[in-house]
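Written out below as C-alpha cells is the structure these notes cover.
The values are calculated or read from the model by the stated rules, or taken from the named source; none is laboratory data. This one's a predicted model, so the numbers in the text were calculated from it and none came from an experiment. Here the Cβ positions follow ideal geometry from the backbone for every residue, glycine too, while neighbour counts run over all protein chains shown.
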Amino acid sequence: MTVHLPAAAVLRHRLCAAVLALALPLAAGAQGAAPAPKVLRYAFPVAETGFDPAQISDLYSRVITANILEAPLTYDYLSRPARVKPQTAAALPEVSDDFRTFTFRIRPGIHFADDPAFGGSKRELTAQDYVYSVKRHYDPRYNSASLFLLENAGVLGLSELRKKAMAERAPFPYDTEVEGLRALDRYTFQVRLARSSPRFHYVFADGGITGAVAREVVEAAPGRTMERPVGTGPFRLAQWKRSSRIVLERNPNYREHHYDEQPPADDPRSQEIARRLKGRRLPMIDRVEVYVVEEAQPRWLGFLNEEHDLLERLPADFTTLAIPNNELAPHLARRGIGMDRAPQVDVTKSYFNMEDPVVGGYAPEKVALRRAIGLAYDVNAEILLVRKSQAIPAQGLIAPMLSGYDPDFRSEMSEFNRAKAKALLELYGWRDRDGDGWREQPDGSPLVLRYATQSDQSSRQLSELWKKAMDAVGIRIEFQVAQWPENLKASRAGRLMMWGVAWGAATPDGSYFLDLAYGPNKGQANHARFELPAFDRLYERQAVMPDGPERDAVMREAQKIAVAYMPYKATGHRLATDLMHPWVVGYRRHPFMGDFWRYIDIDPTLKEKRP
C-alpha cells in the first residue's frame, strides 16, 4: 500500500492536478485551449496481480483486464435482470438443440490496440484469436485458475492435449487442431462439448476469462503477459506501478460504438441515464486512474477530498456516517453526491483445507471439528460489527439473484451455538487433556488453527471475532498475515490451513458457486480442496439440466452436502453502496460485469458548479 497518511495523499494528488492545469494551456499554444481530458479516478481496496486472463483469478485484476481485452459477448449495462448481448460477436452464438455446439461469428473490422509486435500494421481481430486465447487456459505453464469453466463443460480434445503436453513435458501444441475448438473461417469459430451445457455461453461474456489476445504479442515478450495486455477494448494500459497505481487511456483503435443500453421500465434512474447518454460514442472518458488503497480511511478521505470521483463499496466503518438508516446523509446530499445501492451477488466465507492434517479429512471427528468451529463463530456479530449490517446471513454458498438460490433454505451454516459446538468437540475427542484450558486433538497432539489474513482494518476486525470465538470453545488459533496476492498464490497451491475471502458472481448461474466444492476444481475455484463423490455427482447432474425447479432441487441437495461436511463456513451475502460525485454521469452497479468504464461520463461543467 502506498497511501499511509491521508494528508500526504491529498497534497500529492493536488500537486499533480496543478501541474496538469498549468501544462494544458501551454500545450494548446496559439491554437486555443484544448479541452481537459476526462479522467475517472477511484481506488481498489486490494492489489491486482496482473492482466493475463490465463493467469489471473482475482476480481480486481479481471476488472482491469476486461476493460482492455474483449470477450465475444457482454452484458447490457442497464438491463435487470442481466441480459447477455454481443460485443465483438455479430450476434449471440448459434446453439445446437442439445447445448453441445456453440458457433460464434465475429464482426469484421475490429482492431487491436497498436503494439510493436504488429510491425506497424493494423491488426484485425479474427476467430483464430479466440481459438488461441481459449487454448492458453489449457497450457500447463500458465496454471490457469479459470480452466475449470472450460474443462467442466468438456471442450472436446483440449483436456487430452493438455495431459499429453504435461506427460511429455513438452510445449503446448497450439497449432494442433481439436474437434472441440476450431476456426471455421476468418470470422467464425466453433466450440463443441462432450456434454450438454445450457449456460456455457456465459464463459464468453467475461473479458477477464475469454478476452482475445494476439499470439504475436504473447510470443514477442515471453513471460511478460501479465504486464503487457494488448486487446481490442476501449482502453489500453498506459502506466502500471504494481500494487500502487494503474492508468489506462482511451484506445485510439477502438471501433465506433454508441450507447444503446436498455433499462428496465420500472427503474426511473436507469431510464434517465439511458435518455441522457443514448447515441453517445463510447468510451466517453479519456483516462482511468486506479489507486490501490487498502485501508478504509484513506479511501474514504480520498473520495471526500475529491481525489477520487467514485467510491466503490463504501467501507463498512463509515456506514453510519455516510448512509444512516441506509439513506444518503444530508451533508453528502448537499454536495450533490449520488448513491447506488445493490446486492454484490457474492458470499463471504472462510475455508478449511480438506487436505490439511488437522482440519481436513472426511472422518466423523474431522467433520465434527469443522462443524463445531462453524457453530462457535458468530455470523451475526460479523454482519453487525464488521459489515455494519450491510449483509445478510448465508445459509449456503449460492448467493441471491442467481439460479439455484432458495430464499426459504435454512441450514446450520448461519447457526451460532457455542454449547452445541463444545458438545460436538467433547463427543468426538477434541478435549483438554492436560488442564491448560486448550483442547488437544483426539490423539493427544496439540490443536492449533492457522488462519491466513491480511493487515487491513477489516481483516483485523474479522481476526478478532475468530479469536474470540475460538477462545470461547478452547481452541488455539494463530493468524498468518500477508499481502492478499501472496495469500492467493499460497492458497491455490494448497499451503494454507484456513483463509477468509469472498467469491463474487461472474455469471447469473448459481453453479459458479457450487464450483467452490466440485472436486475437479481443486486449486482453481475449489481452494478448500473438497472432494466428495456424492457432491460431484449432484454437481454434474445439475450442470446439464436446463434452469427450472428440477435443477434447483438438485442444487439444493448439493448445498446440503456442503453444509454437512463444512469445507466452507459461509457467513454472508453483502450489500454494496457506491458513492459518486455529481460530475460522474451514468454509473450503475452491474451484478456481473466489471468493465463499466465505457458507460461512464465525466461532466466538467458539473464539477465547476459543485456546491
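One residue stands out among those in the range 182-209 that are under 13 Å from Q128 (Cα atoms) and among the β-branched types (V, I, T): the one that is surrounded by the most Cβ atoms within 10 Å (Cβ to Cβ), which is V191.
Go over the candidates R236, R242 one by one and state the one that is surrounded by 14 or more Cβ atoms within 10 Å (Cβ to Cβ) and closer than 16 Å to E70 by Cα. Please lay out each step first, then the result.
Details: R242 fails: closer than 16 Å to E70 by Cα.
It is R236.
Residues of the range 238-262 that are farther than 15 Å from T74 by Cβ and touching a Lys or Arg at 6+ places or on another chain (Cβ under 8 Å): A238, Q239, V247, L248, E249, R250, N251, N253, E256. A91 meets all of the listed conditions (1) touching a residue at least 60 places away in the same chain (Cβ under 8 Å); (2) more than 21 Å from F148 (Cα to Cα); (3) touching a strand residue (DSSP E or B) at 6+ places or on another chain (Cβ under 8 Å); (4) of a type in the set (A, V, I, L, M) but one, namely (1). Does A482 satisfy the criteria of being farther than 30 Å from V203 by Cβ, in the same structural domain as W430 (by TED's automatic domain parsing) and of a type in the set (A, V, I, L, M, F, W, C)? Spelling it out, A482 is indeed farther than 30 Å from V203 by Cβ, in the same structural domain as W430 (by TED's automatic domain parsing) and of a type in the set (A, V, I, L, M, F, W, C).
This table checks each residue for (1) basic (K, R); (2) in the same structural domain as W499 (by TED's automatic domain parsing).
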site: A564; (1), (2): no, yes
site: P567; (1), (2): no, yes
site: A570; (1), (2): no, yes
site: W583; (1), (2): no, no
site: R588; (1), (2): yes, no
site: P591; (1), (2): no, no
site: F596; (1), (2): no, no
site: K609; (1), (2): yes, no
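When E249 is tested against (1) in a strand (DSSP E or B); (2) more than 18 Å from L69 (Cβ to Cβ); (3) free of Cβ contacts under 8 Å to residues at least 60 places away in the same chain; (4) not aromatic (F, W, Y), exactly one condition is not met: (2).
Can you find, within the range 575-590, the residue that is farthest from the chain's Cα centre (by Cα) among those that are under 24 Å from L384 (Cα atoms) and crowded, with 22+ Cβ neighbours inside 10 Å?
Residues of the range 575-590 that are under 24 Å from L384 (Cα atoms), as a first pass: 575-579, 589.
Filter once more, keeping what is crowded, with 22+ Cβ neighbours inside 10 Å: 577, 579.
On the way: T577: 17, L579: 20 Å.
Out of the qualifying residues, it is L579.
May I ask you to list the residues in the range 561-593 that are under 30 Å from G360 (Cβ atoms) and outside any loop (DSSP other than H, G, I, E, B)? Before the answer, list the steps.
As a first pass, look at the range 561-593 and keep what is under 30 Å from G360 (Cβ atoms): 561-574.
Scanning the range 561-593 gives I561, A562, V563, A564, Y565, Y568, K569, A570, T571, G572, H573, R574.
Got a sec? Which helices (runs of 4 or more DSSP H) wholly within the range 290-388 have at least 1 residues that are in the same structural domain as G429 (by TED's automatic domain parsing) and buried (at least 22 other Cβ atoms within 10 Å of the Cβ)?
364-376
Selection of the range 164-181 for residues being closer than 13 Å to K135 by Cα and either part of a helix (DSSP H, G or I) or assigned by TED's automatic domain parsing to the domain that holds A506 (or both) yields only A165.
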